[in-house]
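Chemist: I'd like to ask you about the structure that follows.
The values are calculated or read from the model by the stated rules, or taken from the named source; none is laboratory data. Since this is a predicted model, take the numbers as computed values, not measurements. Counting neighbours? That spans all protein chains shown, and the Cβs are built from the backbone with ideal geometry, glycine included. Side chains are part of the model used for accessible areas, which takes the heavy atoms of the whole protein and leaves out ligands, DNA and RNA. Shrake-Rupley method; radii C 1.70, N 1.55, O 1.52, S 1.80 Å.
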Amino acid sequence: GNSVTQMEGPVTLSEEAFLTINCTYTATGYPSLFWYVQYPGEGLQLLLKATKADDKGSNKGFEATYRKETTSFHLEKGSVQVSDSAVYFCALIPFGTGNQFYFGTGTSLTVIP
Amino acid sequence: EAGVAQSPRYKIIEKRQSVAFWCNPISGHATLYWYQQILGQGPKLLIQFQNNGVVDDSQLPKDRFSAERLKGVDSTLKIQPAKLEDSAVYLCASSLGSGRNSYEQYFGPGTRLTVT
């Protein structure tokens, strides 16, 4: 079946620290991969995406590379800010199945000054 | 461009009561989704509409949940009767529609339902 596994949180970092949130997936074929972010009290927002192997998605200093050999899509940021505190969701859409998302359970990030 | 609108933002009801949520997608978006997000979990798709037709409702508990999208624009999701385990945030999302490059879904702020 199709599924996404994220590292468990919560994650607490100091400002300017390096961030990695691990995400691995199970899917048939070549899924599209996404990271969504949910700020407190708000809906989910697309952070970045990658639609084929070796693609790198990037936005707002965050980046993630689609690694088919390790079935991973880890989220990274070189220097986090307090404003990055949010819940991050890894998600996939299996190829050829329309637009149904499979979400991970989310990883809560808190950045302290 | 206006985002996905949802109302109400919060709702508290007693078990066995009924409740309805409303969603207005982004103008021009053909596809509309309802998700259930239980605390500590990722969103789970309940139902997907393409215009006013249902594409996928395989995870909708049809004995108590119903949804409609009349005229292919606004949508309502209803729960009748509610159970304690229905306490969750109900998210509405929309996307342009079909095609591998039309995947980006835009989410509304959600409705937080508490069943007591």
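Chemist: To the nearest 20 Debye, how big is the dipole of the range B:24-116 about its Cα centre, given +1 on the beta carbon of each Lys and Arg and -1 on that of each Asp and Glu?
Modeler: That gives the range B:24-116 a dipole magnitude of about 60 debye.
Chemist: D for the range A:28-104, whole µm²/s, Stokes-Einstein with Kirkwood Rh over alpha-carbon pairs at 10 °C and 1.306 mPa s: what number?
Modeler: On the way: Rh = 13.0 Å.
In µm²/s, the coefficient is 122.
Chemist: Moving on. Can you compute the modelled spin-label distance between A:A17 and B:D74, with each label point 7 Å from Cα toward Cβ, in nm?
Modeler: For A:A17 paired with B:D74, the spin-label model returns 4.7 nm.
Chemist: Between A:T71 and B:E104, how high is the FRET efficiency from 1/(1 + (r/R0)^6) when r is the Cβ-Cβ distance and R₀ = 30 Å? Nearest 0.05.
Modeler: Computed FRET efficiency for A:T71 and B:E104: 0.85.
Chemist: Now for a different question. Bin all alpha-carbon pair distances of the protein assembly as shown at 5 Å intervals from 0 and give each bin's fraction as a whole percent.
Modeler: 1, 7, 14, 18, 18, 17, 12, 7, 4, 1, 0
Chemist: To continue, here is another question. Suppose all protein chains stay in the model; what accessible area per residue would a 1.4 Å probe give for the range A:4-109, in Å²?
Modeler: 44 Å²
Chemist: Tally up the carbon and sulfur contribution to the accessible surface of chain B as a whole percent, 1.4 Å probe, everything protein left in place.
Modeler: The nonpolar share, carbon plus sulfur, comes to 49 percent.
Chemist: Okay, next question. Quantify how strongly other chains surround peptide B:40-51 by giving the mean number of their Cβ atoms within 10 Å of each of its Cβ atoms.
Modeler: Numbers: counts 5, 4, 14, 10, 3, 5, 0, 0, 4, 0, 2, 0.
Averaged over the peptide's residues, the number is 4.
Chemist: Using the Cβ atoms and a cut-off under 15 Å, what net charge is assigned to the surroundings of B:F21, where Lys and Arg are +1 and Asp and Glu are -1?
Modeler: Around B:F21, the surrounding residues sum to +3.
Chemist: In addition: If you build the convex hull over the alpha carbons only and average its shadow over all orientations, what do you get for chain B? Give it in nm² to one decimal.
Modeler: One quarter of the hull surface, i.e. the mean projection, equals 7.0 nm².
Chemist: In addition: When the Cα centres of the range A:13-66 and the range B:1-58 are compared, how far apart do they sit, in Å?
Modeler: When both Cα centres are located, 23 Å separates them.
Chemist: Dividing the Cα radius of gyration by the Kirkwood radius, what Rg/Rh value follows for the range B:9-77?
Modeler: On the Cα set of the range B:9-77, Rg over Rh gives 0.97.
Chemist: Take chain A, connect every pair of alpha-carbon atoms lying under 10 Å apart with a spring to form a Gaussian network, then pick out the residue of A:Q45, A:Q81, A:Q100 with the largest mean-square fluctuation.
Modeler: It is A:Q100.
Chemist: Considering lysine pairs in the protein assembly as shown that are 8 or more places apart or on different chains, how many have Cα atoms under 18 Å apart?
Modeler: 17
Chemist: Net charge near A:F62: determine it from the other residues with C-beta under 14 Å of the C-beta of A:F62, scoring Lys and Arg +1 and Asp and Glu -1.
Modeler: So the surrounding residues net to +1.
Chemist: Nearest 100 Å² is fine: how much accessible area is buried between A and B, summed over both sides, with a 1.4 Å probe?
Modeler: Numbers: alone 5950 and 6590 Å², together 10820 Å².
Roughly 1700 Å².
Chemist: Let me ask you something else. Got a sec? Which residues in the range A:25-51 would a label at A:T110 touch, if it sits 7 Å along Cα→Cβ and we count backbone N under 14 Å?
Modeler: A:40
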